[in-house]
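To keep things clear, I will list the structure first and then write my remarks on it.
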Amino acid sequence: MTTQPETTRQAQAALATAAAYQAEQEAERKRLLAAVLALWATLNMKEVLPSWTIGGIGTRIYVLLSSLMELVAADADGYIRRALDEQGVTHNGPAIIPVAFSGRASDGRDLESLLAGAVAKVREAQRKGLSDARARQQGRDFLELVVNTQIADAARAAESVAIAVADGEKNGRKVAVGWVRMLTPPSCGRCAILAGKFYRWNSGFQRHPNCDCRHIPVTVAGANELLTNPQVYFDSLTTAEQDYYFGKANAQAIRDGADISQVVNASKTGLSTADDGRRYRVDPKQRGDLDGTIVQNGQVLRPTVWQIYRDAKGNQEVAKAMLARFGYTRPQR
């Protein structure tokens, strides 16, 4: 009787932890989305803007979404620590500050204004003469996209910070911690070809709206045990699913033996982006005397997580210091 190597058992345990974490967050997302859409259904189509503002629908949706963004950030920190522990790695870094990942859109925009885009969609549809039902549906579709994307991005940002500050230790030795992309099937072709690749702690997470892929923390040495094969994922789909998620022509080319990565890369539309451009989040409560902040109209613009990684230029110690300075992690005692 053959036994699995210890590294393989650890990797499988880490994958199980990641899958359980994703399932928990998916359940939370569905509960929030149901509550948000229930509020949206009460919007007065005769007085759209007053119903959203004075009627408080917009504020209530903002509070619901911000609260869950904070919750998923807190869950992300614990998940990263558990997944590393399953691989025999101790996370010696500071804890993240969950509230730092809520209340603002992932690209630094004002979250309330972003959510209000749903109202703008309704009013635009009404100006075009569409029925109230169709106008409401267009606003609902926009709102659902925002909610799904912001929840996933808040979790991913928190996961990324927890990985960046991990200070991993295994068998008494310091180890570098990075991450591997985990799909949440069904996944599109652009996500599938990125699955299983090892990324350093400061690599931006390529994603598109509604992307629900996540990080799995891993050491460089253990990365091979967590690699996933895009072709295996493709082969697990039915022909109809392959056509839907990869495009009919692309799927046929892959079935005919073409390399899956080359096929998908050749047809990229540019919708997949890494949130690592120069991005800031408005934080009026943050001190304005810190390096890297910009004070504008009485508000302090705090660098996003991805901007901090870029500014650190690959220096992990600099990144850790900046993450603490700008309120993403707690000072270590």
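Report the full-extension gain for the segment Arg127 to Asp110: residue separation times 0.36 nm, less the Cα-Cα distance, to one decimal in nm. Let's see the in-between values first.
Numbers: separation 17, 0.36 × 17 = 6.12 nm, distance 2.57 nm.
Result: 3.6 nm gained on full extension.
Rounded to a whole number of µm²/s, how large is the Stokes-Einstein D of segment 113-267 at 25 °C and 0.890 mPa s, given Rh as the Kirkwood radius over C-alpha pairs? Numbers along the way, then the final one.
Details: Rh = 18.1 Å.
So the translational diffusion coefficient is about 136 µm²/s.
Using a 10 Å cut-off around each Cβ, can you sort His208, His215 from fewest to most neighbouring Cβ atoms? Please report the intermediate quantities before stating the final value.
Numbers: His208 15, His215 25.
Result, fewest neighbours first: His208, His215.
Based on the inverse mean of 1/r over its pairs of different Cα atoms, what is the Kirkwood hydrodynamic radius of segment 80-148, in Å? All intermediate terms of the calculation are to be shown ahead of the outcome.
Values: mean 1/r = 0.0663 Å⁻¹.
Result for segment 80-148, one decimal place: 15.1 Å.
Work through the residues other than Ala240 whose Cβ is under 13 Å from its Cβ and net out their charges, Lys, Arg +1 and Asp, Glu -1. Don't skip to the answer; put the middle values down first.
Working: positive: Lys248, Arg255; negative: Glu241, Asp243.
Local net charge: 0.
Between Asn44 and Val63, with labels modelled 7 Å along Cα→Cβ, what's the label distance in nm to one decimal, could you check?
Computed distance between label sites Asn44 and Val63 equals 2.0 nm.
At 0.36 nm per residue, minus the direct Cα-Cα distance, what do Arg134 and Ala35 gain on full extension? Give it in nm, one decimal, please. It would help to have the intermediate numbers written out before the result.
Working: separation 99, 0.36 × 99 = 35.64 nm, distance 2.05 nm.
Net length gain for the segment: 33.6 nm.
Plugging the Kirkwood radius over Cα pairs into Stokes-Einstein for segment 6-171, at a temperature of 37 °C and a viscosity of 0.692 mPa s, what D comes out in µm²/s? Walk me through the numbers on the way to the answer.
Details: Rh = 17.5 Å.
Roughly 188 µm²/s, to the nearest whole number.
Collect residues whose amide H, placed 1.01 Å from N in the peptide plane, falls under 5 Å from the amide H of Phe205; neighbours closer than 5 in sequence don't count.
So Phe205 has HN proximity to Asp275.
We did not get these values from a lab; they are worked out from the coordinates using the rules stated. Quantities reported herein were computed from a predicted structural model and do not represent experimental measurements. Every residue, glycine among them, receives a Cβ derived from its backbone with ideal geometry; neighbour counts consider all protein chains shown.
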